[in-house]
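One structure below.
Just so it is clear, none of the values below were taken in a lab; they were calculated from the coordinates. Every value quoted in this text rests on a predicted model; they were computed, and no experiment measured them. Cβ sites come from the backbone with ideal geometry, for glycine too, and all protein chains shown count toward neighbours.
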Amino acid sequence: MIRIYDKAAERNLSDGSKWTRIELQLRDERAQEFANLINHGVKINEVFLGVLKNYLRYVIPDETDSNNRRWPMTDYWLKLMDKIENYALWKSPGMEYNLWHLEKYLKNQPVNAIKTYVNIYGTGELMKLVNSSTVKSSPKYDNLLQEAEREKEHIQKIRQGLEEVSAPEYDS
């Protein structure tokens, strides 16, 4: 829940001061997701503003269009949220981001851009571009990478165990 209210009026301040308060009330999974973003290194003010940007829009009503999702946003809201990254706290049930989702995304979304870049510059230049990127890492990709590392370690331990079991023993 998002609350926006005049705190000065609530406190009965009559000195003309402006005091607008914005509150997020989060529970259960949404509170956990908010905390997860912070635990992954996203600053609390960035998460707060990103959640506001994702769930709140100030628009200019258009009498000719009944769909308010198509109404243009106000200039002040666009200016305020210009460089803010969206953060959604709601996740579809069962929509855990995994390697299958990553591969599906890569095959269907940026594949033409990647293919064109590789055909022009080669894979080495693509890797230089990727490695020099200043785009902030996303928690869902960080989680996926950590999961893959754990899986690699698990497989390595299994292989070592199999090697130990299958290694012939010699009596001296």
- [ ] For Val59, enumerate residues with amide H under 5 Å from its amide H, sequence gap 5+ or separate chain, H modeled in the peptide plane.
- [x] Thr74
Open item on the list: On C-alpha positions alone, give me the angle between the axis of helix 139-166 and the longest principal axis of the chain, in degrees, nearest 10.
Closed with: 20
TODO: Calculate one ³J(HN,Hα) per residue across region 14-25 by plugging θ = phi - 60° into the Karplus curve 6.51 cos²θ - 1.76 cosθ + 1.60, and present them in order as whole Hz with x for glycine and proline.
DONE: 10, 8, x, 6, 9, 8, 9, 10, 10, 10, 10, 10
Task: Label-to-label distance, nm, for residues given as Leu56 and Ser138 (7 Å Cα→Cβ offset) - done: 2.4
- [ ] Can you tell me the 0 to 90 degree angle between the C-alpha axis of helix 111-121 and the longest principal axis of the chain, rounded to 10?
- [x] 70
Open item on the list: At a threshold of 8 angstrom on Cα-Cα distance, excluding pairs fewer than six apart, so keeping six or more, what relative contact order does the chain reach in percent?
Closed with: 15
Task: Pair Lys115, Ile44: separation of 7 Å Cα→Cβ label points (nm) - done: 4.7
Open item on the list: If I model a spin label at Arg70 and Glu29 as a point 7 Å from the Cα along the Cα→Cβ vector, what separation in nanometres do I get?
Closed with: 3.1
